[in-house]
Amino acid sequence: MSTTAEALIPIRRHRYTVADYYRMAEVGILAPDARVELIDGEVIEMPPIGAPHACVVTELQNLLIAAVGGQALVRVQNPVHLGRHDEPQPDLALVTPPASKYRLRHPRPGDCLLLIEVADTTLRFDRDIKLGRYARAGIPEVWLVDLQGRTLTRCHGPGAAGYRATDLITDRITLPVPGLETIGLDLARLW
């Protein structure tokens with residue numbers, strides 16, 4: 001084949017579906033304890049969880065559980081099904097009850113009140129890739145906690161082009177819990 005003919009052949013990527021992703025785990029291609037997510041049909045390996053990251057995730061988990069009581073469920077580092085090619089695992093997901101509806105499926109965008117990503121080494125990936133996926137899927141609100149910058153970015157108003165509004169939170173404040181606006185989450189203990 002000539003170089004000219006080769007230049008005309010398009011390069012195509014194969015995107016895995018969520019079903020493909022689970023099948024890879026079933027047959028042992030992905031280890032049971034693999035730290036991976038499916039983003040845009042690609043299996044993305046996530047870095048190990050460091051102590052500062054784990055501490056903040058646990059602190060947020062405890063704050064959310066205490067604040068929302070039984071009005072919502074707090075899921076930690078579990079999948080959220082966004083669509084055919086996307087099943088990320090946000091650090092925290094605040095979803096609508098009852099828990100029984102998640103026995104046979106993971107939460108979908110309509111189940112989610114809030115997703116939280118805690119970023120230590122993954123800030124750029126979380127901000128530049130995952131936030132866009134969350135917005136296009138219609139997740140109403142996402143908080144991006146930047147451990148190194150000691151900030152929280154509140155993203156709301158999802159749309160096809162991303163979140164229409166972002167608020168950079170640098171002070172110790174109380175934020176309303178999305179979908180449960182009468183409940184505030186005191187973030188003073190985060191930093």
(request) Give the residues of the stretch 140-174 that are buried (at least 17 other Cβ atoms within 10 Å of the Cβ), closer than 27 Å to residue 97 by Cα and of a type outside the set (Lys, Arg), sorted by residue number. (result) 140, 141, 142, 143, 144, 145, 152, 153, 155, 156, 158, 163
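Got a number for residues in the stretch 56-74 being part of a helix (DSSP H, G or I) and under 20 Å from residue 107 (Cα atoms)? Walk me through it before giving the result.
We begin by selecting, within the stretch 56-74, every residue part of a helix (DSSP H, G or I); these are 56-68.
Checking which are under 20 Å from residue 107 (Cα atoms) leaves us with 57, 60-61, 64-65, 68.
Looking only at that region, the number is 6.
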(message) Restricting to the stretch 30-55, give me the number of residues that are within 18 Å of the chain's Cα centre (by Cα), aliphatic (A, V, I, L, M) and assigned to a helix (DSSP H, G or I).
(response) 1
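When you scan the stretch 142-191, how many residues do you find that are acidic (Asp, Glu) and assigned to a loop (DSSP other than H, G, I, E, B)?
Within the stretch 142-191, the subset acidic (Asp, Glu) is 146, 167, 171, 181, 186.
If we keep only those that are assigned to a loop (DSSP other than H, G, I, E, B) as well, we get 171.
Residues flagged as acidic (Asp, Glu) and assigned to a loop (DSSP other than H, G, I, E, B) within the stretch 142-191 amount to 1.
Report the residue count in the stretch 85-105 for those that are of a type in the set (D, E, K, R), surrounded by fewer than 14 Cβ atoms within 10 Å (Cβ to Cβ) and in a loop (DSSP other than H, G, I, E, B).
Within the stretch 85-105, the first condition is being of a type in the set (D, E, K, R), and the residues that meet it are 86-87, 91, 101, 103, 105.
Restricting the remaining residues to those that are surrounded by fewer than 14 Cβ atoms within 10 Å (Cβ to Cβ) gives 101, 103, 105.
Filter once more, keeping what is in a loop (DSSP other than H, G, I, E, B): 103, 105.
Residues that pass the stated criteria total 2.
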(request) Specify the residue that is farthest from residue 65 (Cα to Cα); the eligible residues are those in the stretch 75-84 that are out of contact with any helix residue (DSSP H, G or I) (no Cβ under 6 Å at 6 or more places or on another chain) and outside any loop (DSSP other than H, G, I, E, B). (result) 83
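Can you tell me which residue within the stretch 106-118, out of those that are touching a helix residue (DSSP H, G or I) at 6+ places or on another chain (Cβ under 7 Å) and assigned to a strand (DSSP E or B), is surrounded by the fewest Cβ atoms within 10 Å (Cβ to Cβ)? Spell out how you get there, then give the answer.
Kept after step one, since they are touching a helix residue (DSSP H, G or I) at 6+ places or on another chain (Cβ under 7 Å), are these residues of the stretch 106-118: 109, 115-118.
Adding the requirement that they be assigned to a strand (DSSP E or B) leaves 115-118.
Working: 115: 28, 116: 22, 117: 25, 118: 27.
The extreme case among them is 116.
Is it the case that the stretch 162-179 has a residue that's over 17 Å from residue 74 (Cα atoms) and touching a residue at least 24 places away in the same chain (Cβ under 8 Å)?
The initial filter retains those residues of the stretch 162-179 that are over 17 Å from residue 74 (Cα atoms), namely 162-174.
From the residues that got through so far, the ones that are touching a residue at least 24 places away in the same chain (Cβ under 8 Å) too are 162-163.
Yes, some residue in the stretch 162-179 is over 17 Å from residue 74 (Cα atoms) and touching a residue at least 24 places away in the same chain (Cβ under 8 Å).
Values quoted throughout were computed directly from the atomic coordinates according to the rules given, and no laboratory measurement underlies them. Model, not experiment: these values are computed from the prediction. Every residue, glycine among them, receives a Cβ derived from its backbone with ideal geometry; neighbour counts consider all protein chains shown.
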